[in-house]
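Beneath this line is the structure, given in structure tokens, with notes to follow.
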Amino acid sequence: MPKITIDNTEIEVETGTSILQAAEQLGIEIPRFCYHDRLSVPANCRMCLVEVEGGPPKPVASCAMACGEGMKVKTDSDMVKKARKGVMEMLLINHPLDCPICDQGGECDLQDQAMGYGFDRSRFHENKRAVPDKDLGPLIKTSMNRCINCTRCVRFAEEIAGTPVLGQFHRGEDAEIGTFIHELVGTELSGNLIDVCPVGALTSKPYAFKARPWELRKTESIDVHDALGSAIRIDARGREVMRILPRLNEDINEEWIDDRTRFSYDGLNKGRLDRPWIRDPDTGKLREASWDEALSYTAHRMEGIQGHEIAALAGDLADVESMVALKDLMTALGSPHLDCRTDGALFDVAERTGYLFNSTIAGIEQADAILLVGTNPRLEGVMVNARIRKAWRDKRVKIGLIGEEADLTYPYKHLGTGSRDLDKISEFFSGAERPLMIVGAGVFARPDGLALHHMMSEMAQKSGAVKEGWNGFNILHRAASRVGALETGFMPGKNGKAFEEIIQGTRNGSVKALYLLGADEFDARSLIGWQTFTIYQGHHGDRGAARADVVLPGAAYSEKDGIYVNTEGRPQMARRASFPPGDAKEDWKILRALSETLGKTLPYDTQAQLRARLFKEWPNLADFGVVHSPSWAAFGEKGKIAEDAFENPVKNFYLANAICRASGTMKACSEAFVQSQSRPYAEAAE
């Protein structure tokens, strides 16, 4: 390993480490524009120039020069300072004076580095060039006059997103970034182009001219639009969420988030339930009510209904505390009928290893063969798909798919369409040291789900995906609430009804009262029998509220502190960034108040007491950010398996939940990228 001296400080680094990376290890700042530590090195901005003693008689680009034994580097010599001022002067030759109206203002690398390393005047007097703006879709606003041709956006789209729609064309002063055939940037990761752009050339179109960064209250939280739990930062002003940005989390999302996470925030302010509603029995229409009236009416309608005639369903966005409170209330009422699997999935939950992403998301990079079964990770778990592409780019790991063909961002071998092709798993994994299976939760949303779960268990062991020191069997859930519900037992109790049986019970009269905790994933109006007294608790007037007899307004994920468990079994805390609108309340508080009205008062008055009860029974949920890996055990039930093909359950990525369906931005994305079918091509990744 070479030893190098930077500004009179000696450091030993690994072979191949660049001077810039070595300087970062010492805490020495070297300015840069084109360099990004997750992208390839183009060395085209020349801002990271340093002086190497005994080397070339001119500054060198530190991002592209590897450290050599005995090198002596100066990062602040007169030569370096003069060179950086010259580079900055050249970069600003054509840059417009847009800072007062630029959304990048206050967060702009060009601003910061011009102040720190630039010159206070320019020798350029000619007219600035003009570059036409590009239409990249409903999410990204372009101001191409500001572009400095660093090519970060080009490299991100090609290397990370796997959709090489952007490129640099023309030469010299005419060089510009754009799409060659005026195509929209249709990747689910397009919002990250805004983050990697060091100037204001690419900014957020929905956020344009809305706020300045210093006006916003910043809250660290997690995403709930899928089951991955990506780290995010919610920026709010007053009670309105103004934007959502990614936070660094190497275990899950690295420093990226998908477009649904980033841009659906406008749905938090639209279509909201901000007061209780009661359905008038005479007119059949909902009318406004006070909290006391709504709770009293609910208690009145529940009189005479026995415990075994009551059921509860939890939706995809519910937090752990509210589900535990609802479970405790159902138990107090004597009901065993509760379920979180509102997609109808059937799988064995007796063993944790049977429903978790056991290898962890970061563990995908350790695999040498990856098999996707009945899933499209590009739509069901975008950051999982990005990890798979990263493994393919770095190691050319072989990838197979059993199920519906999908437009992924890496090449794969299509092994079949359904359960009859599962016997090909062992052959595909032949010779692999660390084989990895990713099974979509939608695989089990069929009558033979339990039998398929058992078959998957056997195939994982037989194919070597599970061995000493390696568990490559993974379930990719789509719902943020799902694993938390499974961990806390929000499932049918003894003689309890599952989702399909509960729905059937509302039709045959065996279920007389149904509680929907944010359950908007199915068409409640057409499925639930109208003789069943239905209570809906949630934050949007979506599918569940349309059928309800009583509507109780709850808080969205950005308006409450709540625990969510991701698909790996990793507990995380979502933090309140703003307050619920109107008379809406936090979900566990609504259930606590209702329990008192029903005469079944829950034994906790504060959220801290509720969590103490939760952590006492499930202590692993108290270890935020920690994955407790279970030991392998067989799961599922033997049975007959149909030969039906697996179907990908997600048809529209942008309208997957109540928040997205209320979002005007997500509706625009659906029209631009789904209905028009203007999606990138996977074969381009090859």
Within straight-line cross-link reach of Lys494, lysines at Cα separation under 30 Å, skipping those fewer than 8 residues along the same chain: Lys327, Lys512, Lys589, Lys600, Lys616, Lys638, Lys640
Scattering curve values for region 479-534, log₁₀ I(q)/I(0), Debye with Cα scatterers, q = 0.14, 0.15, 0.20, 0.26 Å⁻¹: -0.41, -0.47, -0.81, -1.17
Per residue accessible area in Å² of region 240-360, where ligands, DNA and RNA are left out and the probe is 1.4 Å: 34
Volume of the Cα convex hull of region 194-243, divided per residue and given in Å³: 110
Probe 1.4 Å - accessible area at Phe180, Å² to nearest ten: 130
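Show me the ranking of peptides 552-558, 607-613, 568-574 by mean Cβ neighbours inside 10 Å, starting with the highest.
So the peptides 552-558, 607-613, 568-574, ranked by packing, come out 552-558, 568-574, 607-613.
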The chain, dipole about Cα centre (Lys/Arg Cβ +1, Asp/Glu Cβ -1), debye to the nearest 20: 760
Folded to 0 to 90 degrees: helix 449-462 orientation relative to the chain principal axis, Cα: 50
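With a/c under 1.5 counting as rounded, go ahead and sort region 226-363 into rounded, prolate or oblate using the C-alpha gyration tensor (a ≥ b ≥ c being the square roots of the eigenvalues; past the cut-off, prolate if a/b is larger than b/c, else oblate).
Working: a/c = 2.97, a/b = 1.35, b/c = 2.20.
Note, shape of region 226-363 comes out oblate.
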Total charge dipole magnitude, region 317-390, about the Cα centre, Cβ charges on Lys, Arg, Asp, Glu only, Debye to nearest 20: 320
Per-q log10 I(q)/I(0), region 540-681, q = 0.11 Å⁻¹ (Debye; single scatterer per alpha-carbon; no solvent): -0.73
Calculated [θ] (222 nm, deg cm²/dmol) that DSSP helices of n ≥ 4 give over the chain, each run adding -39,500 (n - 2.57): -6500 deg cm²/dmol
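Quick check on my link table: of Lys81/Lys205; Lys210/Lys560; Lys82/Lys134; Lys218/Lys270; Lys218/Lys667, which ones sit more than 28 Å apart, alpha carbon to alpha carbon?
Working: Lys81/Lys205 37 Å; Lys210/Lys560 24 Å; Lys82/Lys134 35 Å; Lys218/Lys270 21 Å; Lys218/Lys667 26 Å.
As for pairs spanning more than 28 Å Cα to Cα, those are Lys81/Lys205; Lys82/Lys134.
Sorting check: for 284-294, 140-150, which peptide has the highest mean count of neighbouring beta carbons within 10 Å, and how do the rest follow? Spell out each step's value before the answer.
On the way: 284-294: 14.3, 140-150: 21.1.
Ranked from most to least packed, the peptides come out as 140-150, 284-294.
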Exposure of Trp392 as accessible area (Å², to 10), given a probe of 1.4 Å and all protein chains: 20
Antiparallel DSSP beta bridges within the chain, percent to nearest 5: 55
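I'd like the carbon and sulfur percentage of the solvent accessible area for region 532-587, probe radius 1.4 Å, heavy atoms only, ligands and nucleic acids excluded. Don't jump to the answer; show the numbers that get you there.
Details: 430 of 1090 Å².
For region 532-587, the apolar C and S fraction of the accessible surface comes to 39 percent.
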Separation between Cα centres of region 198-241 and region 491-538, rounded to whole Å: 36
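Divide, for region 315-381, the radius of gyration over alpha carbons by 2.2 N^0.38 Å, where N is the residue count.
Normalised Rg, Cα atoms only: 1.50.
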Shape box of region 10-87 [Cα atoms, principal axes, largest first, Å]: 32, 29, 22
Per residue accessible area of region 34-86, 1.4 Å probe, in Å²: 49
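Mind pulling the per residue volume of the convex hull built on the Cα atoms of region 355-513? Å³ is fine. Walk me through the intermediate numbers first.
Numbers: hull volume 21.9 nm³, N = 159.
Convex hull of Cα atoms, per residue: 138 Å³.
What per residue convex hull volume, in Å³, do the alpha-carbon atoms of the chain yield?
Once divided by residue count, the hull of the chain is 173 Å³.
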Under 18 Å from Lys3, Cα to Cα: lysines that are on another chain or at least 8 residues apart: Lys72, Lys74
Cβ-placed point charges (K, R +1; D, E -1), dipole of region 366-412 about Cα centre in debye, nearest 20: 320
Solvent exposure, largest accessible area first (probe 1.4 Å, DNA, RNA and ligands not counted), of Glu487, Glu501: Glu501, Glu487
Cα centroid of region 27-65 to Cα centroid of region 382-455, whole Å: 41
Separation between Cα centres of region 606-633 and region 74-96, rounded to whole Å: 54
Accessible heavy-atom area order of His477, His628, highest first, probe of 1.4 Å: His628, His477
When region 474-576 is reduced to its Cα atoms, the Kirkwood hydrodynamic radius in Å: 15.0
Solvent accessible area, Å² - Ser526, 1.4 Å probe, full protein context: 60
Debye equation applied to the C-alpha atoms of region 1-147, log10 I(q)/I(0) at 0.19 Å⁻¹: -1.16
Residues of type aspartates and glutamates that Lys424 reaches as a straight line, Cα spacing below 18 Å, ignoring anything fewer than 8 places off in the same chain: Asp368, Glu404, Glu405, Glu433, Glu458, Glu643, Asp644
Folded to 0 to 90 degrees: helix 320-333 orientation relative to the chain principal axis, Cα: 0
For peptides 533-546, 259-272, 7-20, sequence by mean Cβ density within 10 Å, most packed first: 533-546, 259-272, 7-20
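Rank Glu250, Glu255 by accessible area, highest first, at a 1.4 Å probe radius? Before the final figure, lay out each step's value.
Details: Glu250 90, Glu255 55 Å².
Most to least solvent-accessible, the answer reads Glu250, Glu255.
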Spherically averaged projected area in nm², based on the convex hull that wraps the Cα atoms of region 597-642: 7.5
nm² value of the averaged projected area, convex hull over the Cα atoms of region 534-616: 6.8
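The values are calculated or read from the model by the stated rules, or taken from the named source; none is laboratory data. Keep in mind that this is a model prediction, so the values were computed, not measured. Here Cβ is always computed from backbone atoms with ideal geometry, including for glycine, and neighbour counts include all displayed protein chains. Just so you know, the surface numbers come from the protein's heavy atoms only, side chains and all, with ligands and any DNA or RNA stripped out. Shrake-Rupley method; radii C 1.70, N 1.55, O 1.52, S 1.80 Å.
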